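The values are calculated or read from the model by the stated rules, or taken from the named source; none is laboratory data. None of the values given here were measured: they were computed from a predicted structure. As a convention, Cβ positions derive from the backbone with ideal geometry for all residues, glycine included, and neighbour counts pool all protein chains shown.
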Amino acid sequence: MKHSSNKQLSFTVGITTCYGDVSILDTVKSIRESKDVENFDFIIIADRVPLSEDIKKGLRKYKVKFIENKKEAGQVEKHKQIFALTKTDILILTQDDVLFDPFALKNILKNFSKNPETTMISTAYLPVKATNFFEAVINRGTHIVNKTVRNWNNGDNYLSSVGRLLAFRTDIINKFRMPPVAVSDNYYYFENKKMGGKFKYVPEAIVYFKNPQNMKEHLRKSSRFQYSKDEMNYYFGNLSHEYKTPKSALVKAVGKEFLENPVTLSLYFFIFTYTRFIKLKSSEVLNPIWEVDLSTKKVK
């Protein structure tokens, strides 16, 4: 699958939301203020909680096309709506509770232009400064994952495919099968590979987010992650080799985190172990229509 690297790539940014809070305007503002990129299309598909008139006014100000569905649906169904509306070379999917680094979009587009064979890009995701102790401990786990990602196959692994920011060439994503999966970010990684696409991790493109501030919300995320392999096996066959994290990458990541903050790291391992023993049932968390994690929504 070859693409010309000589032309300016057009792109669309798409967000799905079911929350309907004014905090989404912080996300939209950070994306619209991206540096060194041409004008781009911006689409939001919303359901569950109606958008207020103030939010709609803000979205119009930032030139966002928004659609409110009367019937609630999962993320993949809303993504399909975005795909149908996208007329550009590149589609960048993100979420309603993140903030973009000013040069994130520039770095994504630069990599697509320089690497014509690349069909899917993931980026670095960094937690913002914690506002309570539980969140600070969970942040430690995020740092371990980020370090592991970089040390594993140059970032080409399922751990780096996180829905907070994923970018695709539209000519490949339009070929994706789109079942109503719960762990869509991992699904897109494996579907891109199945379709013959090439994946690239771009750590210089950064998106910021907020981790859960309580065990209830963290347990939902952790449990969903723990069932990811089972859900993906259903669509792609046995993926044990894809989910086997190299020990060297993990040990190196943990070692660096231990040197930086051994106390919170120890507490993180306690929480990590605890969530393996009390994980929620798959029927509770592998639902395409997620329960909202309220404590993660106000990133600023």
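Taking helices (runs of 4 or more DSSP H) as the structural unit, those lying wholly within region 221-268 and holding at least 3 residues that are closer than 30 Å to V181 by Cβ and not hydrophobic (A, V, I, L, M, F, W, C) correspond to 228-236, 240-243. For beta carbons closer than 8 Å, sequence separation of 6+ or different chains, a first residue in region 97-113 that is farther than 25 Å from I172 by Cβ and a second that is in a loop (DSSP other than H, G, I, E, B) and among the aliphatic types (A, V, I, L, M), the qualifying pairs are D97/V299; L99/V128; L99/V299.
Would you point out the residue of region 194-220, among those that are touching an Asp or Glu at 6+ places or on another chain (Cβ under 8 Å) and either among the aliphatic types (A, V, I, L, M) or assigned to a helix (DSSP H, G or I) (or both), that is nearest to N111 (Cα to Cα)?
Within region 194-220, the first condition is being touching an Asp or Glu at 6+ places or on another chain (Cβ under 8 Å), and the residues that meet it are 198-201, 205-213, 217, 220.
Keeping just the survivors that are either among the aliphatic types (A, V, I, L, M) or assigned to a helix (DSSP H, G or I) (or both) gives 205-207, 217, 220.
Values: A205: 10, I206: 14, V207: 16, E217: 35, R220: 34 Å.
Step by step, filter region 194-220, then rank; the result is A205.
Residues in region 123-148 that are more than 29 Å from R169 (Cα to Cα), among the basic types (K, R) and surrounded by 15 or more Cβ atoms within 10 Å (Cβ to Cβ): 1 in all. Can you pull out the residues in region 269-297 that are out of contact with any helix residue (DSSP H, G or I) (no Cβ under 8 Å at 6 or more places or on another chain) and either under 20 Å from A130 (Cα atoms) or part of a helix (DSSP H, G or I) (or both)? Within region 269-297, F269, F270, T273, Y274, F277, S283, V292, K297 meet the criteria. Among the conditions (1) assigned to a loop (DSSP other than H, G, I, E, B); (2) of a type outside the set (S, T, Y); (3) touching a Cys at 6+ places or on another chain (Cβ under 9 Å); (4) at pLDDT 95 or above, R48 misses just one, which is (4).
Please tell me if E191 is part of a helix (DSSP H, G or I), more than 22 Å from D96 (Cβ to Cβ) and acidic (D, E).
On the way: part of a helix (DSSP H, G or I): yes; more than 22 Å from D96 (Cβ to Cβ): yes; acidic (D, E): yes.
Yes, satisfied.
Pairs meeting the criteria (first residue in region 222-233 and touching a residue at least 12 places away in the same chain (Cβ under 8 Å) and of a type outside the set (F, W, Y), second residue surrounded by fewer than 16 Cβ atoms within 10 Å (Cβ to Cβ) and assigned to a helix (DSSP H, G or I), beta carbons under 6 Å, at least 6 apart or on different chains) are K229/Y243.
Inside region 108-122, can you point out the residues that are surrounded by 20 or more Cβ atoms within 10 Å (Cβ to Cβ) and out of contact with any helix residue (DSSP H, G or I) (no Cβ under 7 Å at 6 or more places or on another chain)? Before you say what the answer is, go through the steps one by one.
Initial filter on region 108-122 (surrounded by 20 or more Cβ atoms within 10 Å (Cβ to Cβ)): 108-109, 112, 118-122.
Within region 108-122, I108, L109, F112 qualify.
Remark: pairs (first residue in region 265-282, more than 16 Å from N139 (Cα to Cα); second residue loosely packed, with under 15 Cβ neighbours inside 10 Å; Cβ separation under 8 Å; 6+ apart in sequence or on different chains) = S282/D230.
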